[in-house]
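Below is one structure; the comments refer to it alone.
The values are calculated or read from the model by the stated rules, or taken from the named source; none is laboratory data. Just so it is clear, the model here is predicted, and its values are computed rather than measured. Cβ sites come from the backbone with ideal geometry, for glycine too, and all protein chains shown count toward neighbours.
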Amino acid sequence: MKPKVAFFSFTSCEGCQLMFLNLEDELLDLLGLVEIVNFREAMKEVLADEYDIAFVEGSITTHSDIEEVEDIRKRTKILIAFGACATIGGINAIKNFQPLDDVRKYVYDRDWDKIDTVPTMSVDQVVDVDCYIHGCPVDKKEILDVVTSVILGKTPRVPDYPVCVECKLAENVCVFDKGLVCLGPVTRAGCSAICPTFGNKCLGCRGIISDPNVNAEKDLLAERGLSIDDILKEFRMFDGLSEVSK
Ligand code: SF4
Ligand code: SF4
Ligand code: SF4
């Protein structure tokens, strides 16, 4: 029996699910290994309501999201937080830095008090998560690595070293030398340092590594004339739920 796989989406742009569909060369092989039973973005049918693997994309931002993800958890053996919105709150966590009612009024205008919303949470702030696929969007190779590991009953390896490691392996010119502020020294690798490789700064979309030398990074940034507020804003874009953003 193939493992039953389902996809669910909460507050997000659904771009991470698109990355799964964009696997192109590998998708048919992958579909030979698993049975997709629920995937609103790709099919109408719902073929099962219990899952071996559930990909959960998006942040939890409403009371109904909380109830729904708790229900999915009960019906799932291995729950994968899928993409930055799900793993670290992502861009949706920016709203947590403003009074919630101000955000509701700004977004929903005169009907603001009819809209259900709670401060943004990552999926693991609500239910237990078994695996993480980081990034905004997720990396296609990492999807394959994680799915393969899960099917084989292995624990997926999630990099816990900085983007700088991959950046140096790619022999990139450091974007600090171009006057940009890069969060690569404290951000989890796994994306092949794609942003610096194309001349851009790392914005920290894969989250902060578990043992970052954050103070050194702050000093590094301050040496370049940035205030602490500027620095926090840099962390807050994707990592607003992390301690360093508080
Ligand atoms: S992590 Fe990024 S690409 Fe994925 S759903 Fe969230 S906003 Fe979209
Ligand atoms: S560009 Fe960014 S990721 Fe690359 S070495 Fe410099 S600080 Fe590190
Ligand atoms: S370089 Fe940074 S911002 Fe770009 S994909 Fe990697 S972790 Fe995300």
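Quick one: is D239 closer than 30 Å to V34 by Cα, surrounded by 14 or more Cβ atoms within 10 Å (Cβ to Cβ) and among the acidic types (D, E)? Considered against the rule, which asks whether it is closer than 30 Å to V34 by Cα, surrounded by 14 or more Cβ atoms within 10 Å (Cβ to Cβ) and among the acidic types (D, E), D239 comes out as no.
From the list R40, R73, which one is of a type in the set (D, E, K, R) and surrounded by 15 or more Cβ atoms within 10 Å (Cβ to Cβ)?
When all the criteria are applied, what remains is R73.
Checking each residue in the stretch 188-240 for being under 26 Å from T120 (Cα atoms), of a type in the set (A, V, I, L, M) and either within 11 Å of ligand 3 (Cβ to nearest atom) or assigned by TED's automatic domain parsing to the domain that holds G90 (or both) picks out A189, L203, I208, I209, M237.
Among the residues of the stretch 93-137, the ones that are out of contact with any Lys or Arg (no Cβ under 6 Å at 6 or more places or on another chain), within 23 Å of E70 (Cα to Cα), within 16 Å of ligand 3 (Cβ to nearest atom) and of a type outside the set (S, T, Y) come to 2 in all.
Which of the helices (runs of 4 or more DSSP H) found entirely inside the stretch 5-109 contain at least 2 residues meeting this: over 24 Å from F238 (Cα atoms) and at pLDDT 95 or above? I'd like the intermediate steps shown before the answer.
On the way: elements: 15-21, 27-33, 63-74, 84-88, 100-108.
Output list reads 63-74.
Exactly one residue among P196, P119, P185 is in a helix (DSSP H, G or I), more than 16 Å from ligand 1 (Cβ to nearest atom) and modelled with pLDDT of 95 or more, and that residue is P196.
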